[in-house]
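S.K.: What follows is a structure written as structure tokens; I'll ask about it next.
The values are calculated or read from the model by the stated rules, or taken from the named source; none is laboratory data. What you see is a predicted model; the values in this text were computed from it and never measured. Because the Cβ atoms are built from the backbone with ideal geometry, glycine has one as well, and the counts that use them run over all protein chains shown. SASA here: full protein model, heavy atoms, side chains in, ligands and nucleic acids out. Shrake-Rupley method; radii C 1.70, N 1.55, O 1.52, S 1.80 Å.
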Amino acid sequence: MSAPTSSRPTVTEREARQVAEAAREQDWRKPSFAKELFLGRFRLDLLHPHPLPAHEDVQRGEEFLAKLRDFCETKIDGAVIERDARIPDGVITGLKELGALGMKIDTKYGGLGLTQVYYNKALALVGSANPAVGALLSAHQSIGVPQPLKMFGTREQKDMFLPRCARTDISAFLLTEPDVGSDPARLATTAVREGDEYVLDGVKLWTTNGVVADLLVVMARVPTPEGGDGKGSEGGKGGITAFVVEAASEGVTVENRNAFMGLRGLENGVTRFHRVRVPAANRIGPEGAGLKIALTTLNTGRLSLPAMCVGAGKWCLKIAREWSAVREQWGRPVALHEAVGSKISFIAATTFALEAVLDLSSQMADEDRNDIRIEAALAKLYGSEMACLMADELVQIRGGRGFETAASLEARGERAVPAEQLLRDLRINRIFEGSTEIMHLLIAREAVDAHLSVAGDLIDPDKTLSDKARAGAQAGVFYARWLPKLVAGPGQLPRSYADFHPAGHPDLSAHLRHVERTARKLARSTFYAMSRWQGRMETKQGFLGRVVDIGAELFAMSAACVRAEHLRARGDHGREAYQLADAFCRQSRIRVEELFGRLWTNTDGVDRKVVKGVLGGAYEWLEQGVVDPSGDGPWIADTAPGPARRENVHRPIG
């Protein structure tokens, strides 16, 4: 029997980037609004008219939402989950009986077959009852076993696992390790081929649903045939590989259930694998395809987070409206004081825009006519950031009551409004499924893909002179055609997008013209930066982050305008929708102007010097005068492979 390896892969920065690059989708087979936007091309035709779901999809979705709403109102007690830090087994059993585990699973496997649009509406609804319940359902279906099998599984795998996932079995996704976050090149969990099985060894961290899961998607490194350990993969090429693992398998131990500042009901843990035998038939895709499977799964899976952010925004608006109309200061409701009113306007306008971004991206995902990898990433990035801001503003509007817990409010006779809980619960969304900083880099990579495709060899130090010469010629042709188109466009014509200025409504056409002009300006700024920094561009993370944030605002403005016109055309609160879209675009344009100013006028260089000083100990004197309440122990726990050292706290729910 071969012993598990205890050595963590040692990789250079360049090797780590190569692993990530190999995992991303290389081709653009379908049009992408966001990709074109970053190139300075405002393709409104890809969004407008607003795509519509099929009638039967709407009917099936609305019927389920009605049942789910009743369940949320009568069976889910968010206060109990917050108090006990656990979702009651009866609630999870009820969700199973309702079919909520199979919302995205095809009906032929026993699922509900909901569209992405209605799946997201369901998550927003259940997440408003309690975000931990929403996270359980989202982790199970968006990144757990159902989604990767739907996209990459064999017919036998689908027949075996999807019926279980649809009704009875909870699934989890295991990629992160104690010393591996967004750098999968250093993945240490191994899967060694032995005949018709793989033997898994390693430790996984932050396994959402892992404590209660029945099925796991596990990412592990299969040794390459030429590996120095002599344990080849018997014909396979090795590399990071995805497996479906039975949580009850011998050698699988949940060593800890983690606790967090928010999402107190989240069943998230540390899972150890010690010589766990997994049938080769449970491998998803070929060896080495695991990271690509994970990233592709997340392309639409990320839409679950902004769905719950939209639900949070709607609740913030409801509480802000009700509270601000009742609470009086200086002779009138606080909502009528400008300092508070501006916050309410921000919450209302931003909620409208977030829902517009979510519904548009989701409907495009359902129709599969566009490549939405950037749109989904932007929705996740923008939704998670703006939802936190809205929750923070709600706490401020509520004042001392916003900082007080719902249980304390109830104990002294007031309405139990969990505003502070929402702020804590939402905070993780800026980290879940790609932190804001990682999302900036991921989206920026896709945004400059066209440039790297034609001119990447020019800045690649490993390329030969002849390669660089060919790249130079290719780039010359591309930029000779592209750059002149960034000079002028429809945004400079006063009658462009006239459909978005119906009589008696705010003028949204002016905002769309602004988006078109700004997209060209953003593309020019990106080109100038690439010309200036060339190979060092990837180190300019502050600049890239601002470029992405500008793109997110432009996408949100576009979606808000398209949604407003869609609602007006069908007679559904059109006038009010136009008002909200107008308010959002005006607020967004101010943020965009600030971001453009910070592209070139910022403290990035000074910040780098200060960071070097901090790490070098130059400012340790500044830390004097406090005590450190932290406990003892290593910064990162020991994750050497081996048998479990703790009691198994895995508790499957029957």
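S.K.: For the chain, with the dipole built from +1 on Lys and Arg beta-carbon atoms and -1 on Asp and Glu ones, taken about the Cα centre, which of 440, 548, 188 lies farthest toward the positive end?
M.R.: The one lying farthest along the dipole's positive direction is 548.
S.K.: In nm, to one decimal, how far is the modelled label at residue 106 from the one at residue 389, with both set 7 Å along Cα→Cβ?
M.R.: 4.2 nm
S.K.: Okay, next question. Using mean Cβ contacts within 10 Å as the protection proxy, how do 563-574, 609-620 order, highest first?
M.R.: Result, highest mean first: 563-574, 609-620.
S.K.: Per residue, how large is the accessible surface of segment 142-279? Use a 1.4 angstrom probe and give square angstrom.
M.R.: 34 Å²
S.K.: At each listed q (0.15, 0.18 Å⁻¹), what is the log10 of I(q)/I(0) that the Debye formula gives for segment 403-541 modelled as equal alpha-carbon point scatterers?
M.R.: Per q value, in the given order, log10 I(q)/I(0) is -0.92, -1.05.
S.K.: Next question. I want the local charge near residue 216. Using Cβ-Cβ distances under 9 Å, sum +1 for each Lys or Arg and -1 for each Asp or Glu among the other residues.
M.R.: Cβ neighbours under 9 Å give a net charge of -1.
S.K.: I've got another one for you. Taking H as built 1.01 Å from N, whose amide H comes closer than 5 Å to the amide H of residue 224, not counting residues under 5 places away?
M.R.: Hits under the 5 Å cutoff: 239.
S.K.: Which percent, to the nearest 5, of DSSP beta bridges fully inside the chain are antiparallel?
M.R.: 85 percent
S.K.: Grab the beta carbon distance between residue 651 and residue 499, set R0 = 41 Å, and tell me the FRET efficiency rounded to 0.05.
M.R.: 0.15
S.K.: For residue 54 and residue 280, calculate 0.36 nm times their separation in residues minus their Cα-Cα distance, and state this gained length in nm to one decimal.
M.R.: Gain in length upon complete extension: 77.4 nm.
S.K.: Whole-Hz Karplus ³J(HN,Hα) for segment 260-265, in order, using 6.51 cos²θ - 1.76 cosθ + 1.60 and θ = phi - 60°, x for Gly and Pro?
M.R.: 10, 5, x, 6, 5, x
S.K.: Please work out the FRET efficiency for the pair residue 261 and residue 590, using the Cβ-Cβ distance as r and a Förster radius of 30 Å; give the result to the nearest 0.05.
M.R.: 0.45
S.K.: Here's a follow-up. Roughly how many nanometres apart are two label points built 7 Å out from the Cα toward the Cβ at residue 627 and residue 541?
M.R.: 3.4 nm
S.K.: Can you name the helices of the chain, as whole DSSP H runs, whose Cα span along the helix axis is 24 Å or more and whose Kyte-Doolittle mean is not below 0.5?
M.R.: Those that clear 24 Å and a mean of 0.5 are 304-326, 338-367, 541-569.
S.K.: If you don't mind, another one. For residue 96, list the lysines whose Cα falls under 20 Å from its own Cα; do not include residues on the same chain fewer than 8 positions away.
M.R.: 67, 75, 104, 108, 121, 150, 158
S.K.: Amide H of residue 206: which non-local residues (sequence gap of 5 or more, or other chain) have their own amide H closer than 5 Å, using H built in the peptide plane?
M.R.: 269
S.K.: Still on this model: Taking just the alpha carbons, could you work out the radius of gyration and Dmax for segment 473-588, both in angstroms?
M.R.: When restricted to the Cα atoms of segment 473-588, Rg and Dmax are 17.4, 54 Å.
S.K.: Can you work out the Karplus-derived ³J(HN,Hα) for every residue in segment 214-225? Use 6.51 cos²θ - 1.76 cosθ + 1.60 with θ = phi - 60°, whole Hz, and x for glycine or proline.
M.R.: 9, 10, 10, 9, 10, 9, 9, 8, 8, x, 6, x
S.K.: Hey, what's the per residue convex hull volume over the C-alpha atoms of segment 485-530, in cubic angstrom?
M.R.: 54 Å³
S.K.: Now a separate question. Only four residue types carry charge here, +1 at the Cβ of Lys and Arg and -1 at the Cβ of Asp and Glu. Report the dipole size of the chain about the Cα centre in Debye, rounded to the nearest 20.
M.R.: Approximately 1420 debye in magnitude.
S.K.: If you don't mind, another one. To the nearest 0.05, how large is the calculated FRET efficiency for residue 342 and residue 155 if R₀ is 56 Å and r is the Cβ-Cβ distance?
M.R.: Efficiency computed from Cβ-Cβ geometry: 0.50.
S.K.: What ranking do 213-221, 628-636 get when scored by the average of other Cβ atoms within 10 Å per residue, highest first?
M.R.: Ranking, from highest mean packing down: 213-221, 628-636.
S.K.: Please work out how much length the chain gains when fully extended from residue 367 to residue 614, using 0.36 nm per residue of separation minus the C-alpha to C-alpha distance, in nm with one decimal.
M.R.: Gain on stretching residue 367 to residue 614: 83.9 nm.
S.K.: Please report the Cα spread of the chain along all three principal axes, rounded to whole Å, starting with the longest.
M.R.: Largest to smallest, the principal-axis extents are 78, 74, 65 Å.
S.K.: On full extension of the chain, what length is gained from residue 534 through residue 607, given 0.36 nm per residue of separation minus the C-alpha to C-alpha distance?
M.R.: Additional length available on full extension: 24.1 nm.
S.K.: When the accessible area of the chain is split by element with a 1.4 Å probe, what percent falls to carbon and sulfur?
M.R.: Here it works out to 54 percent.
S.K.: May I pose another question? So who's got an amide H within less than 5 Å of the one on residue 193, skipping anything under 5 residues away but keeping other chains? H placed 1.01 Å off N, in plane.
M.R.: 199
S.K.: Give me the net charge for the shell around residue 124: Cβ to Cβ below 10 angstrom, other residues only, Lys and Arg +1, Asp and Glu -1.
M.R.: The answer is +1.
S.K.: Mind ranking 61-72, 413-424 by how tightly packed they are, going by the mean number of other C-beta atoms within 10 angstrom, highest first?
M.R.: Result, highest mean Cβ count within 10 Å first: 413-424, 61-72.
S.K.: Which net charge results for the neighbourhood of residue 167, defined as the other residues with beta-carbon distances under 11 angstrom from its beta-carbon, given Lys and Arg at +1 and Asp and Glu at -1?
M.R.: 0
S.K.: Could I ask something else about it? Quick one: Karplus J couplings for segment 179-188, per residue in order, coefficients 6.51, -1.76, 1.60, θ = phi - 60°, nearest Hz, x for Gly and Pro?
M.R.: The phi angles translate into 10, 9, x, 8, 10, x, 4, 9, 3, 10 Hz.
S.K.: Given that compact globular proteins tend to follow 2.2 N^0.38 Å, what is the ratio of the alpha-carbon Rg of segment 594-654 to that value?
M.R.: Against the compact-globule rule of thumb, the ratio is 2.11.
S.K.: Report the per residue volume, in Å³, of the convex hull enclosing the C-alpha atoms of segment 58-103.
M.R.: Considering the Cα atoms of segment 58-103, their hull volume per residue is 72 Å³.
S.K.: Over segment 298-429, with the other protein chains present, what is the accessible area per residue in square angstrom, probe 1.4 angstrom?
M.R.: 38 Å²
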